[in-house]
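Q: Right, I'll just put the structure down here and ask away after.
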Amino acid sequence: MLTEAIQYAATHAVTPKEFRPFIRSSVNLWSRAGRCAKDWAPHEENCRAFIREAIAGMRECRTVVVLGSGLLRDVPIETLAEKFDTVVLVDLVHLASVRAWVKARRFGNVRLIFRDLSGFDDALAGKMPEPLAFLRRVPYLDLVVSANVLSQIGVGAKRRLERENDPGKGEILPALIRAHLDGLAALPCKTVLLTDTGYRVTDREGNVLEEADLLRGVPAPPAKQAWTWPVAPYGELGRDCQAVHEVIAL
Ligand SMILES: C[S@@+](CC[C@H](N)C(=O)[O-])C[C@H]1O[C@@H](n2cnc3c(N)ncnc32)[C@H](O)[C@@H]1O
């Protein structure tokens, strides 16, 4: 609890006001990632290996943008910082511990950008969401990595609709997922998409207690690789149940 409070306070101090409401969920993610480190390790290594493989054959490595860089657990940041001239990390929140780690490594070519990647406000206002349009203005862009952020865009938007008492606007959720996928597909550079697509909560006998499609009915693009990620291993949600997510990489 004390480390969470320090992390929260230190992050609050360096986060613009409009992004402060998201710090709590980032700190929660950080705590869970620490508790579940052993169970999450294969998923994180799969993600890092997939990105490393994707860049292995690239001839031009000027700028890479990582969407949903978060805790930098599933992103091979050392490799990116070595290989690319500029690394741009985009998220709602950059935790103080992540900033300190980046600073300690003296990665002079790594930039942190605060940005809402959902397109929520436009979609709610009845406009076509184009959440990745800003990437068109990034010079010398050679690679964009969407790092396990897509499902969270849907989750965050659903929570916001509920909070703002607007659950009837549920149709914007698939529109946001589609906007991210279309935005990536339209980029003139190489892209990597890592995302969980759905999950199942099961008991120890294998009975399914809950399941959900995290892409909100939008068909997942064809994957090059797929694996499972025990996001909530036994003990995390309850003693006798676990939540396992399906992940794709392309
Ligand atoms: C599952 S975590 C991904 C972890 C990260 N790639 C890593 O290596 O640790 C999802 C990340 O997406 C970010 N995120 C969620 N919704 C977002 C949004 N609308 N815009 C930008 N980032 C968002 C969260 O803050 C979180 O860092």
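The values are calculated or read from the model by the stated rules, or taken from the named source; none is laboratory data. As the structure is a prediction and not an experimental result, all values here were calculated from the model. Don't worry about glycine lacking a Cβ; one is built from the backbone with ideal geometry, like all the others, and counts go over all protein chains shown.
Q: Scan region 52-93 residue by residue and report those that are more than 9 Å from the ligand (Cβ to nearest atom) and in a loop (DSSP other than H, G, I, E, B). I'd like the intermediate steps shown before the answer.
A: At the first step, the residues of region 52-93 found to be more than 9 Å from the ligand (Cβ to nearest atom) are 52-65, 76, 78-89.
Listed by number, the residues that qualify are GLY57, MET58, ARG59, GLU60, CYS61, ARG62, PRO76, PHE84, ASP85.
Q: Now for a separate question. Tell me, which residue of region 229-250 that is of a type in the set (Val, Ile, Thr) and either under 16 Å from GLU210 (Cα atoms) or touching a residue at least 60 places away in the same chain (Cβ under 8 Å) (or both) is surrounded by the fewest Cβ atoms within 10 Å (Cβ to Cβ)? Break it down into steps so the answer makes sense when it comes.
A: Step one: filter region 229-250 for residues of a type in the set (Val, Ile, Thr), giving 231, 244, 247-248.
If we keep only those that are either under 16 Å from GLU210 (Cα atoms) or touching a residue at least 60 places away in the same chain (Cβ under 8 Å) (or both) too, we end up with 231, 244, 247.
On the way: VAL231: 20, VAL244: 18, VAL247: 24.
Among those that are of a type in the set (Val, Ile, Thr) and either under 16 Å from GLU210 (Cα atoms) or touching a residue at least 60 places away in the same chain (Cβ under 8 Å) (or both), it is VAL244.
Q: Looking at region 31-50, which of the residues that are touching an Asp or Glu at 6+ places or on another chain (Cβ under 8 Å) and assigned to a helix (DSSP H, G or I) is nearest to ALA9 (Cα to Cα)?
A: Step one: list which residues in region 31-50 are touching an Asp or Glu at 6+ places or on another chain (Cβ under 8 Å), which gives 31-32, 35-36, 43-44, 47-48.
Still in the running and assigned to a helix (DSSP H, G or I): 31-32, 35, 43-44, 47-48.
Working: SER31: 15, ARG32: 18, ARG35: 21, HIS43: 30, GLU44: 27, CYS47: 30, ARG48: 30 Å.
This residue is SER31.
Q: Given ALA100, ALA125, which one is closer than 23 Å to ASP166 by Cβ and away from the ligand (no atom under 13 Å from the Cβ)?
A: Details: ALA100 fails: closer than 23 Å to ASP166 by Cβ.
So the residue among ALA100, ALA125 that is closer than 23 Å to ASP166 by Cβ and away from the ligand (no atom under 13 Å from the Cβ) is ALA125.
Q: Then there is this: Taking ALA175 and the conditions (1) modelled with pLDDT of 95 or more; (2) within 17 Å of the chain's Cα centre (by Cα); (3) within 16 Å of the ligand (Cβ to nearest atom), which numbered condition does it fall short on, given that it satisfies the others?
A: (2)
Q: I've got another one for you. Quick one: which strands (runs of 3 or more DSSP E) lie wholly within region 198-250 and hold at least 2 residues that are within 16 Å of the chain's Cα centre (by Cα) and at pLDDT 95 or above?
A: Working: elements: 208-213, 225-232, 241-249.
Fully inside region 198-250 and qualifying: 225-232, 241-249.
Q: Out of the residues in region 140-163 that are touching a strand residue (DSSP E or B) at 6+ places or on another chain (Cβ under 7 Å), not in a strand (DSSP E or B) and not polar (S, T, N, Q), state the one that is nearest to the ligand (Cβ to nearest atom). Lay out the reasoning, then the answer.
A: Kept after step one, since they are touching a strand residue (DSSP E or B) at 6+ places or on another chain (Cβ under 7 Å), are these residues of region 140-163: 140-151.
Subset that is not in a strand (DSSP E or B): 140, 148-151.
So of that shortlist, the ones also not polar (S, T, N, Q) come out as 140, 149-150.
On the way: TYR140: 23, VAL149: 4, LEU150: 9 Å.
Filtering first and then ranking leaves VAL149.
Q: Now, a different point. Where the second residue is among the acidic types (Asp, Glu) and outside any strand (DSSP E or B) and the first is farther than 18 Å from VAL64 by Cβ and lies in region 181-194, which pairs have Cβ atoms under 9 Å and are six or more apart or on separate chains?
A: ASP182/GLU130
Q: Please state which of the following conditions GLY70 fails to meet, knowing it meets all the rest: (1) surrounded by fewer than 17 Cβ atoms within 10 Å (Cβ to Cβ); (2) at pLDDT 95 or above.
A: So the condition that GLY70 fails would be (1).
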